[in-house]
Structures are given as C-alpha cells and as structure tokens.
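Undergrad: Shown below is the structure under consideration.
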Amino acid sequence: MVYRAIFLIVALLTMAGPSLAGNCIKSQTLGTWTNPFAGNRSDLTKLEIRAICTDDTVPHIQVKAYTACAPRDCTWGRAIAEKKGDFGLSVMFRTFFAKRTVKVSINGRRMEATIFDDYHDPRKATEKRAFVLWKQ
C-alpha cells in the first residue's frame, strides 16, 4: 500500500511538469490603458499591456500600442517591454516612418506615457510627445 502511494505521488509530480505560475511577471502596469482625450491624428489612444507566461517562452511583458487613425485606430504592433520597477516600463516599436520608444510610469489608475519619435528621414527632427492614459 505504501509503495502504491509513493508511486502515485511520483507519477503525479512527473506528469505535472514545471509550473510558471510562481515565475510570472508581476507589474502594476499590466492591463488596458486608454486616452479618452486623444483627438489629433497619431495621438496615443490605447496601450494593452500583458504578461506572457507560457512553457514555450521566457516570461516577459508584451505591449500593443494604438494611435488615432481614421476610420479606426492604427496599431504599431506588439513589442516586448523592459520593466522599470513595479510602476514603469520602456518599449520600442519599429514602424514604417520611425523608431518609436514609449516610456511609461503609473500612479494608481493614471499612466504617463512619453513617446520619442526617431524618424528614419534625417531631414525630420526627433519628436517627444506626452500623453495621459487611464486604466480601464
């Protein structure tokens, strides 16, 4: 009976495999953040920030950025972010016209996002834009 119990425990532990639940990234930045005051074209309208914790990858934070476009918002795609403490992160998007770096910091349900647009065209100066987003 004891051998059967030990065999059962070993079999269950072997089949369970490694669990990433304890290794998943924790950050106050996770969630969907929106800018209700985005009005100008190319204003930042939304950031979707999520932790990716699967057996196939190293745990990381993924960000999807949306900007004001017509008839619907455009996206810069998804990129892996670098965590800056529990309340901030930095992420870079390579778009058709520029390399865009987004740096965010949060205070409660309010996020400050600063975007640095480094244009591929050397005739166009680098721009810095700031937006305030709110957690949904």
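Derivation of every value follows stated rules applied to the coordinates shown; laboratory data play no part. Nothing here was measured: the structure is a model prediction, and the numbers come from that model. Please note: Cβ atoms are built from the backbone with ideal geometry, for glycine as well, and neighbour counts cover all protein chains shown.
Undergrad: Given 25 °C and 0.890 mPa s, compute D for region 22-135 with the Stokes-Einstein relation, Rh being the Kirkwood radius over Cα pairs; round to the nearest whole µm²/s.
TA: Diffusion coefficient, whole number: 168 µm²/s.
Undergrad: Another question about this same structure. What does the extension gain come out to for Thr32 and Phe97, with contour length at 0.36 nm per residue minus their alpha carbon separation? Write down the numbers at each step before the final one.
TA: Working: separation 65, 0.36 × 65 = 23.40 nm, distance 2.56 nm.
Working it through step by step, the gained length comes to 20.8 nm.
Undergrad: Something else about it: Using modelled backbone amide H atoms (1.01 Å from N, in-plane), which distant-in-sequence or interchain residues come within less than 5 Å of Lys84's amide H?
TA: For Lys84, whose amide H was placed from the backbone, the distant partners under 5 Å are Leu89, Ser90.
Undergrad: Any idea what the relative contact order of region 48-136 is, in percent, if you count C-alpha pairs under 8 Å spaced at least 6 apart?
TA: Once divided by the residue count of region 48-136, the mean separation gives 15 percent.
Undergrad: Here is a follow-up. Filter the chymotrypsin sites (Phe, Trp or Tyr not before Pro) in region 28-66 to those in DSSP coil with at most 16 other Cβ atoms within 10 Å of their Cβ, and list the result. Present the calculation step by step, with values, prior to reporting the outcome.
TA: On the way: sites: Trp33, Phe37, Tyr66; in loops: Phe37.
Taking region 28-66 and a limit of 16 other Cβ atoms within 10 Å, the loop chymotrypsin sites (Phe, Trp or Tyr not before Pro) found are Phe37.
Undergrad: Calculate, in nm to one decimal, what Lys124 and Cys74 gain on full extension: separation in residues at 0.36 nm each, minus their alpha carbon distance.
TA: 15.8 nm
Undergrad: Still on this structure: In debye to the nearest 20, how big a dipole does region 22-135 give about its Cα centre with +1 on each Lys and Arg Cβ and -1 on each Asp and Glu Cβ?
TA: 220 debye
Undergrad: To continue, here is another question. What is the calculated FRET efficiency for Arg110 to Thr54, with r their C-beta to C-beta distance and R₀ = 35 Å, to the nearest 0.05?
TA: 0.70
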